[in-house]
Amino acid sequence: MKDSAFVNDKRVQFDFEVDFTNGGGIQGQGFRLDIDGEDISDQELADYIIKDLRLLMAGEVRIHNKQIIRERHKRKSTVAENAGVRSTLIDLSHTVVSGMHTYSNILKQQVSDYLTYEESEDRYSHSPGETFQTDRVNRAANTVTVIETPAHRYGGKPDVAELPIDSLADLDGIVIRLEGMKGRAVSRQALAACNVRDRAVLIETGHATLWGTPAYCENHPYLSRDAAEFLRDEGAILVAIDSMNIDDTDDPQRPAHSILLEAGIPIVANLCNLEQLPAEGFRFSAVPMKLQCMSAFPVRAWARLL
């Protein structure tokens, strides 16, 4: 289903060389770029490179080995356009099923009856046919689509109930698309081209497609230490990822958690549907119950398109 949603997306792959009028030059191999139509001219590519890379004193630009490929666009969403529908709100939370294993070595999600329709009949015997269902949930707090507060890592820091609502809801958002990257670690270099200041930064790796399978809990993408430092230093106000953990779970030091939460930057894990968002132009929300003494808690996360 996901592949067919992007069947109309076209990208161009090419090599390039740029000479500078004051000497020297740069070159790139296997560069890929979203295109709107069926083709793009060499001159349009040359203009794009100069503008996008903000090159000064650019001279001759040479394009080589150009080919048009079918591949999902990286800088904008096309799901809504391809489906012929555009929704104002996009749900970014996974559906959870009782018995689902969503995190390695942590309690499975268990949903059970606290009071059934049948059991409630006696309570409402004065009104025949009026019954209610009350359920019980047994789970670890920091699994499924979840927000992690500074208190998750540091005692005495704000917990779920203490985070201001304006730090969780209606935040200016940006999606950084990294699906298809080599390796598991998201590096500083992968983020450095993006303006993250005063934004909720949503990192899309494609790992969400494995949700509900054993592979979801294995070899998951994560932020490197220098990526977390970049997000902190450049002023991100919330960081989210479509993976089970923002850190490498084989690393007990948990540098991304430590760096971001010490700076008061909440973390959201286990997002989905990021491919339905534009790279920019939306507001992000991830709001938990206002429960004291909880350092992490499930959220219903969504984006409002502008």
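The values are calculated or read from the model by the stated rules, or taken from the named source; none is laboratory data. This structure is a prediction, so every number in the text was calculated from the model and none was measured. Note that we place each Cβ from the backbone using ideal geometry, even for glycine, and neighbour counts take in every protein chain shown. In case anyone asks, the SASA skips ligands and DNA or RNA and just uses the protein heavy atoms, side chains included. Shrake-Rupley method; radii C 1.70, N 1.55, O 1.52, S 1.80 Å.
Things to note:
- For segment 171-184, residues that are touching a residue at least 24 places away in the same chain (Cβ under 8 Å) and open to solvent by 40 Å² or more (accessible area, probe 1.4 Å) total 5.
- Selection from segment 188-203 of residues that are within 15 Å of the chain's Cα centre (by Cα) and assigned to a loop (DSSP other than H, G, I, E, B): Cys194, Val196, Arg199
- All positions within segment 46-94 that are closer than 30 Å to Val299 by Cβ and modelled with pLDDT of 85 or more: Thr88, Leu89, Ile90, Asp91, Leu92, Ser93, His94
- Which numbered condition Asp166 fails, given (1) under 22 Å from Glu262 (Cβ atoms); (2) open to solvent by 10 Å² or more (accessible area, probe 1.4 Å); (3) in a loop (DSSP other than H, G, I, E, B): (3)
- Filtering Thr209, Thr249 for residues that are open to solvent by 10 Å² or more (accessible area, probe 1.4 Å), part of a loop (DSSP other than H, G, I, E, B) and in contact (Cβ under 8 Å) with a residue 24 or more places away in the chain leaves a single hit, Thr249.
- Filter pass, Ile267 being in contact (Cβ under 8 Å) with a residue 24 or more places away in the chain and open to solvent by less than 10 Å² (accessible area, probe 1.4 Å): yes
- The listed residue being open to solvent by less than 10 Å² (accessible area, probe 1.4 Å) and without any contact (Cβ under 8 Å) to a residue 40 or more places away in the chain, out of Ala240, Ala228: Ala228
- If the condition is being open to solvent by 20 Å² or more (accessible area, probe 1.4 Å) and touching a helix residue (DSSP H, G or I) at 6+ places or on another chain (Cβ under 9 Å), then segment 291-304 contributes Cys293, Met294, Ser295.
- The single condition from (1) under 13 Å from the mean Cα position of the chain (by Cα); (2) within 21 Å of Gln189 (Cα to Cα); (3) open to solvent by 30 Å² or more (accessible area, probe 1.4 Å); (4) not aromatic (Phe, Trp, Tyr) that Arg254 fails is (1).
- Hits in segment 20-59 - residues which are of a type in the set (A, V, I, L, M, F, W, C), touching a Ser or Thr at 6+ places or on another chain (Cβ under 8 Å) and in a strand (DSSP E or B): Ala58
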